[in-house]
Amino acid sequence: MMSSNNIPPNKEDQMIEQAYQNLLNGYLSSNHRKKVEVIDKAFKFARDAHQGIRRRSGEPYIMHPLAVATIVSQEIGLGSTSISAALLHDVVEDTDYTVEDIKAQFGEKIARIVDGLTKISGGIFGDKASLQAENFRKLLLTMADDVRVVLIKMADRLHNMRTLSSMPPNKQYKIAGETLYIYAPLAHRLGLYAIKTELEDLSFKYNHPAEYQRISELVIASEEQRNELFTRFAAPIRERLDNMGLDYEFNVRVKSCFSIWNKMQKKRVPFEEVYDLYAARIVFACEDESRAKRMCWNIYNEITEVYAKHPDRVRDWLTTPKVNQYQALHVTVMGPDGNWVEVQIRSQKMDEIAERGFAAHWKYKIGEGEEEEELAKWLSTITDILKDPEPNAIDFLDTIKLNLFASEIVVFTPKGETMTMPKGATVLDMAFTVHTDLGTHCIAGKVNHELVPLSYKLNSGDQVEIITSNSEHAKPEWEKFVVTAKGKTRLRAALRHQRRLTIDKGEKRFMDFLAKHNIEFSNEVLSQAIGRQRVAGKEELFFMIGNDEIMLNEDMVVKKEQGTRFNWWRRNPFKGKEEPKETTSVPSEAISTKGIYRLVTRDGKSNYQIADCCHPIPGDDSVGFLTEDNKVIVHKMDCNTLARLKASYGSRLLQTQWEDFSDRFQATIHIMGIDQKGMLQSIVNIISTNMSINMKRMNVTAEDGVFTCDMDVLVSDATVVTNLCREIKKIKGINSATRMS
Ligand code: MN
């Protein structure tokens, strides 16, 4: 069929020619319409495009597309469009031709399939870490488009697996793992049983070479005995089937090495104890397929008259075929040696479907025009199966890896690495899974480049970045949205550790305080303190001191002569402000309280300190308070603490004026609204792009549709905050944005 060219055909050309003829012969003997022309054109196009390129094995590259096309035609049963696309499947990826070129030469349909294949491929043999899951995701996404893409991909993978020995071992391992994880279950779903079994066996061979070797040897070693047993088992049945005048084949089928190994692992039994190592299979010819089911039951009756059947092991896939249309009748009977033997009873058509899936259907189709229609029907059936992630049929559940659809998600790190997480996992779970430190210091996440709160539930395919801040620590309320076991364990450990540190800090403060005021530590002192603060015990007391919830107020220590020795503590109403104090340099000379005190910052040093209680920032109306050790603490004019200070220490107040706004000050903004998609993103946009403001911390909650957000920003002065709040309030859904003191 192929025209010979002028170059004297060397061995390689002969090999290519032979492979191509084999492809054509298979196609011509199929029931498909004979559209050889497009196949011929595709072959020549691909051959010329890959000219001079070799596979790792050393053979000309075109041998690979030829092999893939042959699988597509002969093992999957697809027609000329798929065969041509298979021949062209690596052209766009590996040569200078574009999808546009393919479209111009072969039309829209083939071009779309080739494009899909190129997109999925992205270098199956590449080095990037994410490929496995990335491919899978793309595969799933592409499937809805044209399922032929998936089927050809399957053929591509099968051929790559068959020729895997030419890859270096580390890649063999990776590719084999990926095949077992993604492609074999997919083949199973597609009803491509033979391909599924071969993929599993090949993966097993490369993942566990020694085990594979051992099991295949055991299978071979036990063959003679098995055949002997089978002959004895089959004899009385054969007699009856012959009497029925049946045209049939009665064979013994040994499980694949992978299935045997799987069984050994699952049941924890040695090879010898895998009871269903093999199954007997009766495949009978049947001219009128409508009689096939009845014939299956007739055969069943004959068998069960000879051997006792296992009451729980009759599988009637006749009345209700499997979702992938598998039909057969299975019965398990007690053989002459006292072992259970499964017998599978099928008509030839049923057998064909079992082995080749839906592809078998049109082998039995007569009539030219029906092909396209039948193809369309088949493809849409497969698409339906693939779209339904959890079909009820039990046969889909037996492949463990399918829980990929059900209970696991795959997400990506910013570097493109993949992580498998349980379904329902949040950003916080991911942070803790990566590292405890990342978990304890995280403040938010970016999912697919959009800012999200830590409680955000991840979806398969999400790209997730964790945003951290060293000044943040794990919070007890996080337990509400850590769902993974690992996350929970690590969060609790982190919280325990943090609590311990805070307790130690509090204890030290307490002891230092006592020492400074010449109070001798005793159990009595301790229990008085515990009693007065109404706390549970020593740990609780120290924890609250360490956490700034109880302050050791030096100003009031003098009250001890009034008999109330421990009045010098009070609960801190401004707890939770743990910001490190900015370095301040306060002039040593006495500060005059007359006149205006100018608040100056130079080279990061200020002649004042910002009050912890109200956090004034430049531009705020503020008042200075001169401490005993000659420091100036700046409060907001309307600060409550200042109001108290005014009453007792009026003479120490300073009128202040902000000199320069070069430094950055922290302000807290509280935002509330009705939760809407993209709200957080809009806020972040305003902060980061509309104005030059640094966000330090962000705490977002969305409960029952109400969105709340607290954030700390670093700004130069108060007008920036006012403007910021005004802008935020313009966002749709936001009700309020106010500065907190
Ligand atoms: Mn390929």
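Please treat every number below as a calculation from the coordinates, not as lab data. Predicted, not measured: the structure shown is a model, and the values here were computed from it. Quick reminder, even Gly has a Cβ in these numbers, built from the backbone with ideal geometry, and neighbours come from all protein chains shown.
Pairs from the list Lys109/Lys153; Lys594/Lys631; Lys423/Lys488; Lys153/Lys205 with a Cα-Cα gap above 19 Å: Lys153/Lys205. Subtracting the Cα-Cα distance of His670 and Tyr173 from 0.36 nm times their residue separation leaves 173.6 nm of extension gain.
Stretching the chain fully between Asn735 and Lys423 yields a gain of 108.9 nm (0.36 nm per residue, less the alpha carbon separation). You can think of it this way: the chain between Asp629 and Arg644 has 3.5 nm of extra reach, that is 0.36 nm per residue less the Cα-Cα gap. Note on Ile596 and Glu524: the model spin-label points, each 7 Å out from Cα along the C-beta direction, lie 5.6 nm apart. Label separation (Gln21 vs Leu714): 7.7 nm, computed from points 7 Å beyond Cα along the C-beta direction. Projecting label points 7 angstrom from Cα along Cα→Cβ for Lys486 and Thr701 puts them 2.9 nm apart. Treating r as the C-beta distance of Arg726 and Lys475 and R0 as 41 Å, the FRET efficiency rounds to 0.85.
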